[in-house]
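Since the structure comes first, as C-alpha cells, the remarks are kept for the end.
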Amino acid sequence: KQEISLTIEDFTKEGEGLGKYQGFPLFVKDTVIGDEVKVSITKLKKNYGYARLVEIIKPSEDRVTPLCPVARQCGGCKLQQISYDKQLHFKKGLVEGCLTRIGGFEKEDIEQKMEPVYGMKEPWHYRNKAQFPVGYDKEGNLVAGFYAGRTHSIVANTNCAIQAKVTHPIVEKVLAYMRGNKISAYDEKNHSGLIRHILTRVGFTTGEIMVCLIVNGTAKQLKNINKLVDKLKEIEGMTSIIVNTNTDKTNKILGLHCETVWGQDYIEDYIGDIKYQIGPLSFYQVNPIQAEKLYNIGVEAAKITKNDIIFDLYCGIGTISLFMAKYAKKVYGVEIVEQAIVDAKENAKINGIDNTEFIVGDTEKILDELINARKIVPDAIMVDPPRRGLDNTSIDNILKIKPSRLIYISCNPATLVRDLSKFEEVYDVRKIKPVDMFPFTSHVECVTMMQLKKHQNLGVKVKVVT
C-alpha cells in the first residue's frame, strides 16, 4: 500500500502501463505512456510488481477522457484513455515485438513486410453482439452490465460505448419488466434465480434485432412474458425474441435449448454481398465492418483464380469460404464444431453458392481424407485458428501438401509468429497486414501472406500425418 510517484515508459501486451521505481518495474492499469502518476503498490514479486493508479500528476499528451464513465471499473476497454491513433501505434508495436523477440525478424525485414494497422473511421458502437449478465448490487438493486476484470462482480452499465446503440433501450426494458413482474436474477453462488443474461444481436446492414433471455429454467417461468414482448416490439427492427435455457452450474453463457417466443428463429445480416442467417448460438464476427476488411485482405492476399482449389481450415460458419468461392473453382471448408458446419451449408444455400463443400471434423483427419482418399490437392490454404494457433500435426500436413500460397489469419501475434518460424524453410513471408477488429482493447488480428519458395517441389503426394 506504499504510495510512490512514477513516469509511465512503456506498455505491456495487455495494455497496462509500465513504470520503474529506482529501476524496479511496476505495472499500472489505466495509464498512458508519458503519464506522471502517483500509485499505490498492490503486489510484489521478486523482479516486478503491480500498482493501482491513485492520481495523475501530469497527463500524457496522448491521454484522452474515456467516453464510458465506468471504463476503468469495467476493464473491458483497457485502452479508452489512449487516443485512437496511439492505440493503432501500440497494436503495431505488439506485432513488431513478437516478430523480433519470438520470430527473430530483423527490423529492416519487418519494415518491408508489415503494413500499418487497418483501423476504423468510427471506432465506437462497433459490436453487433452483447451479453449482459444480470444480478444485484451491494444494496440489493437489480442491475445489468459487465463483469469487472478477473471477477464475477457486475459493473452496472446498460449503455456500453462499444455495443450497438439499440442495446441500451433493450436492456432497460428487460430490467423494467423484471422489476414490474418480480422476476429474479440468477445467483451463481446458490444456483438460484431465473434470468442469467440478456443477449442482443443486431444486423448492421439489415437493421434486424434479436433479443435472447438466458434463463435458469424455462420460458414458462417468465410471468407475463407477453408484456415484455409488446415493449420490445416497439423498437424498430425487432425481429426475434428468444428464451435460451441454461440450468447448468457453469460459466458458459448459453445452453443448447432455445424457444422462440415471438418472431423468427434468427436474424439476417450481410458482410459484403454475402447474406448470413444468425441464431442465438451462431458464431458471427462481432465487428462486421472490420470483418469485411479482414476478409477482403485475405482474399486479395490469396490471389485466387477461377482454376484454384482452396482449403479453408477452421472455417466457422463459412464466412471467408463464401467470400473466396466467388473467385475460386472450389472451396473446401473444415471445422470441428458441428453446428457451425450446419450454419455454413445453410449460408451457402441462401446465397446460391454451389462451389463449396463444408466438412465437420478434426482438421488433420479431414486433410488426410481430402488428399489421400479423394486425391484433392489445394492451390492455396487459408487458416484461421483459435488463439492457441496451429497444432503441430496440421503444420506438418500443410508442409507435406505444399500449396503455392498459405494465408494465415491470426488473433494472437505470439502464436502467429511461433507458427511462422515452423514454415520458414518452405515459405517466404510476403506481407503481414494487421486489422483492428476490437478498438479500445489490446487485441489485434493479422493477415499473413506466405508464398512457397521457388526451390520447393510443388504438388508432392505424401501420406498425411493423422
For segment 177-187, state whether one or more residues are in a strand (DSSP E or B), open to solvent by less than 20 Å² (accessible area, probe 1.4 Å) and in contact (Cβ under 8 Å) with a residue 60 or more places away in the chain.
no
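Whether any residue in segment 118-128 is touching a Lys or Arg at 6+ places or on another chain (Cβ under 6 Å) and closer than 30 Å to ASP10 by Cα is what I want to check. So that I can check it myself, show each step before the final result.
So in segment 118-128, the residues touching a Lys or Arg at 6+ places or on another chain (Cβ under 6 Å) come out as 118, 125.
The next check asks that each one be closer than 30 Å to ASP10 by Cα; those that pass are 118, 125.
Scanning segment 118-128 turns up at least one residue that is touching a Lys or Arg at 6+ places or on another chain (Cβ under 6 Å) and closer than 30 Å to ASP10 by Cα.
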Could you look through segment 289-329, keep only residues that are closer than 25 Å to GLU364 by Cβ and of a type in the set (Gly, Ala, Ser), and pick out the one that is surrounded by the fewest Cβ atoms within 10 Å (Cβ to Cβ)?
GLY316
Considering only residues that are touching a residue at least 12 places away in the same chain (Cβ under 8 Å) and not charged (D, E, K, R), look in segment 94-104 and name the one that is nearest to THR65 (Cα to Cα).
LEU94
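Of all helices (runs of 4 or more DSSP H) completely enclosed by segment 357-466, which ones contain at least 2 residues that are modelled with pLDDT under 90 and open to solvent by less than 30 Å² (accessible area, probe 1.4 Å)? If you could, list the steps in order and put the result at the bottom.
Numbers: elements: 363-368, 392-401, 413-423.
Output list reads 363-368, 392-401.
Criterion first (more than 18 Å from PRO133 (Cβ to Cβ) and assigned to a strand (DSSP E or B)) does LYS275 satisfy it? Quick ask: steps written out before the conclusion?
Values: more than 18 Å from PRO133 (Cβ to Cβ): yes; assigned to a strand (DSSP E or B): yes.
Here the answer is yes, as LYS275 does meet what is asked.
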Conditions: (1) in a helix (DSSP H, G or I); (2) open to solvent by 40 Å² or more (accessible area, probe 1.4 Å). THR205 meets all but one. Number of the miss?
(1)
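Across segment 322-332, what is the number of residues that are touching a helix residue (DSSP H, G or I) at 6+ places or on another chain (Cβ under 7 Å) and closer than 15 Å to ILE359 by Cα? Steps first, answer last, please.
Within segment 322-332, the subset touching a helix residue (DSSP H, G or I) at 6+ places or on another chain (Cβ under 7 Å) is 322-324, 327, 331-332.
Filter again for closer than 15 Å to ILE359 by Cα, leaving 322, 331-332.
Of the residues in segment 322-332, 3 are touching a helix residue (DSSP H, G or I) at 6+ places or on another chain (Cβ under 7 Å) and closer than 15 Å to ILE359 by Cα.
Quick check, is TYR332 aromatic (Phe, Trp, Tyr), at pLDDT 95 or above and open to solvent by 10 Å² or more (accessible area, probe 1.4 Å)? If you could, list the steps in order and put the result at the bottom.
Values: aromatic (Phe, Trp, Tyr): yes; at pLDDT 95 or above: yes; open to solvent by 10 Å² or more (accessible area, probe 1.4 Å): yes.
So TYR332 fits the description; yes.
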Answer residue from segment 215-235, given it is assigned to a helix (DSSP H, G or I) and of a type in the set (Lys, Arg) and is most open to solvent (accessible area, probe 1.4 Å) among those
LYS220
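Looking only at segment 296-332, filter to residues that are acidic (Asp, Glu) and under 26 Å from the mean Cα position of the chain (by Cα); which one of those is nearest to ARG387 (Cα to Cα)?
Filtering segment 296-332 down to residues acidic (Asp, Glu) leaves 300, 308, 312.
Filter again for under 26 Å from the mean Cα position of the chain (by Cα), leaving 300, 312.
On the way: GLU300: 23, ASP312: 17 Å.
Step by step, filter segment 296-332, then rank; the result is ASP312.
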Which numbered condition trips up GLU346, out of (1) over 19 Å from the mean Cα position of the chain (by Cα); (2) within 14 Å of GLY272 (Cα to Cα); (3) open to solvent by 50 Å² or more (accessible area, probe 1.4 Å)?
(2)
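Has segment 332-354 got any residue that is over 23 Å from TYR266 (Cβ atoms) and assigned to a loop (DSSP other than H, G, I, E, B)? Let's see the steps before the verdict.
Taking segment 332-354 first, the residues over 23 Å from TYR266 (Cβ atoms) are 332, 334.
Retained after the next criterion (residues that are assigned to a loop (DSSP other than H, G, I, E, B)): none.
No, segment 332-354 contains no residue that is over 23 Å from TYR266 (Cβ atoms) and assigned to a loop (DSSP other than H, G, I, E, B).
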Of everything in segment 155-165, what is crowded, with 19+ Cβ neighbours inside 10 Å and part of a loop (DSSP other than H, G, I, E, B)? Give them in sequence order.
ASN157, THR158, CYS160, ALA161, ILE162, ALA164
The one condition in (1) modelled with pLDDT of 95 or more; (2) open to solvent by less than 20 Å² (accessible area, probe 1.4 Å); (3) not charged (D, E, K, R) that ILE110 fails to fulfil
(1)
Got at least one residue in segment 156-169 being touching a strand residue (DSSP E or B) at 6+ places or on another chain (Cβ under 6 Å) and under 13 Å from LEU228 (Cβ atoms)?
no
Qualifying positions in segment 126-150 - surrounded by fewer than 17 Cβ atoms within 10 Å (Cβ to Cβ) and outside any strand (DSSP E or B)
ASP137, LYS138, GLU139, GLY140, ASN141, ALA148, GLY149, ARG150
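Here is a check on your reading of the model: is ILE278 touching a residue at least 60 places away in the same chain (Cβ under 8 Å), closer than 26 Å to ILE353 by Cα and among the β-branched types (Val, Ile, Thr)? Lay out the reasoning, then the answer.
On the way: touching a residue at least 60 places away in the same chain (Cβ under 8 Å): yes; closer than 26 Å to ILE353 by Cα: yes; among the β-branched types (Val, Ile, Thr): yes.
Against the criterion (touching a residue at least 60 places away in the same chain (Cβ under 8 Å), closer than 26 Å to ILE353 by Cα and among the β-branched types (Val, Ile, Thr)), ILE278 qualifies.
Does LEU281 satisfy the criteria of being open to solvent by 50 Å² or more (accessible area, probe 1.4 Å), outside any strand (DSSP E or B) and in contact with a Leu (Cβ under 7 Å, 6 or more places away or on another chain)? It would help to see each step written out before you state the result.
Details: open to solvent by 50 Å² or more (accessible area, probe 1.4 Å): yes; outside any strand (DSSP E or B): yes; in contact with a Leu (Cβ under 7 Å, 6 or more places away or on another chain): yes.
Here the answer is yes, as LEU281 does meet what is asked.
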Give the residue that is nearest to ASP187 (Cα to Cα), with candidates limited to residues of segment 236-259 that are touching a helix residue (DSSP H, G or I) at 6+ places or on another chain (Cβ under 6 Å) and open to solvent by less than 50 Å² (accessible area, probe 1.4 Å).
VAL243
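I'd like the full set of residues that are over 20 Å from GLN80 (Cα atoms) and not small (Gly, Ala, Ser), limited to segment 134-150. Write out each step before concluding.
Step one: of segment 134-150, the residues over 20 Å from GLN80 (Cα atoms) are 134-144.
Across segment 134-150, the qualifying residues are VAL134, TYR136, ASP137, LYS138, GLU139, ASN141, LEU142, VAL143.
The values are calculated or read from the model by the stated rules, or taken from the named source; none is laboratory data. Remember, it's a predicted structure, so these values are computed and weren't measured experimentally. As a convention, Cβ positions derive from the backbone with ideal geometry for all residues, glycine included, and neighbour counts pool all protein chains shown. All accessible areas refer to the heavy atoms of the entire protein, side chains included, with ligands and DNA or RNA removed. Shrake-Rupley method; radii C 1.70, N 1.55, O 1.52, S 1.80 Å.
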